[in-house]
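Have a look at the structure below before the remarks.
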Amino acid sequence: MGRPPAKDPISYSIKIGLNKELYEKVLEYNEKTGNSIAETVREALKILLKK
């Protein structure tokens, strides 16, 4: 049998795609801002894609 679905599938998908160090930095930033993982990644992508 498979694993039960993640509570937050977007955050879970992001976690799998980031290396451990980067994921920990995202969590640290989220503690300061109160954002979700998905919100933080969206903000980062907006900044990255503007360049």
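The values are calculated or read from the model by the stated rules, or taken from the named source; none is laboratory data. Note that the structure is a prediction, hence the values are computed from the model and not measured. Cβ sites come from the backbone with ideal geometry, for glycine too, and all protein chains shown count toward neighbours.
The table that follows gives values for the structure above.
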quantity	calculated
Within the range 1-25, tally of residues that are modelled with pLDDT of 85 or more and either at positive phi or aliphatic (A, V, I, L, M) (or both)	0
Residues that are surrounded by 12 or more Cβ atoms within 10 Å (Cβ to Cβ), in a helix (DSSP H, G or I) and not acidic (Asp, Glu), drawn from the range 28-39	Tyr29, Asn30, Ile37, Ala38
